[in-house]
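What follows is a single structure, and I will ask about it in a moment.
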Amino acid sequence: MADMKLYPLLFNQVLLEKVWGGHSIHQWKYGVKTPEAIGESWEIHTKNIISNGAFAGKTLQEVIDAYPLELTGRSEAIEFPLLVKILDAQEWLSVQVHPDDALALELEGEPRGKTECWFILSAQDDAKIQYDLKNGISIQDYADSIEQDKPTEQLQFMNVKSGDVIFVPAGTVHAIGPGILLYELQQTSDTTYRLYDWDRPGLDGKPRELHIEKGLKCTRPGAGIFPYHQYPINTDAHGNSVQSLVNEQYFKLDTITLGSQPFDCSMNHRAKLITNIGEHIVHILHDESIEALPKAYSAFLPAGLDNVQLYSLHENAKVLIASEHAS
């Protein structure tokens, strides 16, 4: 990279207004509400514009294209396959399903499908998600219920709370309910097939398009796992705690609770996506430099970074760290 030094990449804000959105994202990040109903914050995405350092003004993908090995650990420049979002549901999201890789290619000509997972940041006492079909319900049963104008009759609904982890493999019919703020890690894809949208208008006042035929073709009852497997918590001598949350084909997600001394963040020649979900600033120490990661912010840690440590002046600072593929 000539004289260019790698460093943690921060990004400009990307907030998307949604018919189901609320005001919790901006409130969480800045302590003030937005007038718009913001449903999504795209925290780390290939088109996000870098806000700090020598690469400021470039998109993440532009830098990956120029330095693929240093940024991702790959020798070839491809679209970075992971996307991190924060979602705020004030109303039900549509009942939807995503294709797997094969069906995304067949139906849309897209290079990948959309498997995702959620970490519930906060939830009202009665918060629910819709997850999969009821036990024993076939795709034909579900199709019949849609045809009979009973689109929710065969769906399974579950209560969730703060700290829950939900793995949503492609093919799982799902919806996020009101009163939930969550972190979402997913394959880089925006292919979504709506099966039901609660008979409401979109932001333009018109009903949003449904995709019944494609959605049913992608549906795989029983593909999901709920509740998801709970991994043990490992704590070092300095009080740094690590817990694996999800370890699946496309990604790995861990939570780190920081103790009294810096936590060594081994890169293993793989980019890492870090999101500060605690109440305090987390400092990213690398080589002889420090990057501050404020509360509710995310950073892309290039694969080629050396000697990365995480530290906070306050114990119990908490981050989520995602990376490609399970180890």
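The values are calculated or read from the model by the stated rules, or taken from the named source; none is laboratory data. None of these values were measured; they are calculated from a predicted model. Don't worry about glycine lacking a Cβ; one is built from the backbone with ideal geometry, like all the others, and counts go over all protein chains shown.
Report yes if Thr34 is under 27 Å from Glu279 (Cβ atoms) and either in a loop (DSSP other than H, G, I, E, B) or in contact with a helix residue (DSSP H, G or I) (Cβ under 8 Å, 6 or more places away or on another chain) (or both), otherwise no.
yes
Follow-up. Between Arg220, Arg194, which is touching a residue at least 12 places away in the same chain (Cβ under 8 Å), among the basic types (Lys, Arg) and assigned to a loop (DSSP other than H, G, I, E, B)?
Numbers: Arg194 fails: assigned to a loop (DSSP other than H, G, I, E, B).
Going through Arg220, Arg194 in turn, the sole match is Arg220.
A further question follows. If we only count strands (runs of 3 or more DSSP E) wholly inside region 248-327, which ones have 3 or more residues that are surrounded by fewer than 21 Cβ atoms within 10 Å (Cβ to Cβ) and charged (D, E, K, R)? Before you say what the answer is, go through the steps one by one.
Numbers: elements: 251-257, 272-276, 282-286, 289-293, 298-301, 309-311, 318-324.
Ranges flagged: none.
Could you check Phe226 against (1) out of contact with any His (no Cβ under 8 Å at 6 or more places or on another chain); (2) in contact (Cβ under 8 Å) with a residue 12 or more places away in the chain; (3) farther than 23 Å from Gln154 by Cα and say which number it fails?
Against the list (1) out of contact with any His (no Cβ under 8 Å at 6 or more places or on another chain); (2) in contact (Cβ under 8 Å) with a residue 12 or more places away in the chain; (3) farther than 23 Å from Gln154 by Cα, Phe226 comes up short only on (3).
Right, next: Give the number of residues within region 71-116 that are polar (S, T, N, Q) and either under 17 Å from Glu213 (Cβ atoms) or modelled with pLDDT under 95 (or both). Break it down stepwise before answering.
Step one: of region 71-116, the residues polar (S, T, N, Q) are 72, 75, 90, 94, 96, 115.
Going one step further and asking which of them are either under 17 Å from Glu213 (Cβ atoms) or modelled with pLDDT under 95 (or both), we end up with 75, 94, 96.
Final tally of qualifying residues: 3.
Here is a list of conditions, (1) under 18 Å from the mean Cα position of the chain (by Cα); (2) surrounded by fewer than 16 Cβ atoms within 10 Å (Cβ to Cβ), and Val84 meets all of them except one; can you say which number that is?
Evaluating Val84 over (1) under 18 Å from the mean Cα position of the chain (by Cα); (2) surrounded by fewer than 16 Cβ atoms within 10 Å (Cβ to Cβ) leaves (2) as the failure.
Here's a follow-up. Report, by residue number, each residue of region 140-153 that is among the hydrophobic types (A, V, I, L, M, F, W, C) and either under 14 Å from Trp198 (Cα atoms) or surrounded by fewer than 17 Cβ atoms within 10 Å (Cβ to Cβ) (or both).
The one that is among the hydrophobic types (A, V, I, L, M, F, W, C) and either under 14 Å from Trp198 (Cα atoms) or surrounded by fewer than 17 Cβ atoms within 10 Å (Cβ to Cβ) (or both): Ile146.
Need the failing condition index for Gln90 against (1) closer than 25 Å to Asp204 by Cβ; (2) buried (at least 19 other Cβ atoms within 10 Å of the Cβ), just the number.
Among (1) closer than 25 Å to Asp204 by Cβ; (2) buried (at least 19 other Cβ atoms within 10 Å of the Cβ), the lone unmet condition for Gln90 is (2).
In addition: Any idea how many residues of region 275-293 are within 15 Å of Phe11 (Cα to Cα) and free of Cβ contacts under 8 Å to residues at least 60 places away in the same chain?
Here the count works out to 2.
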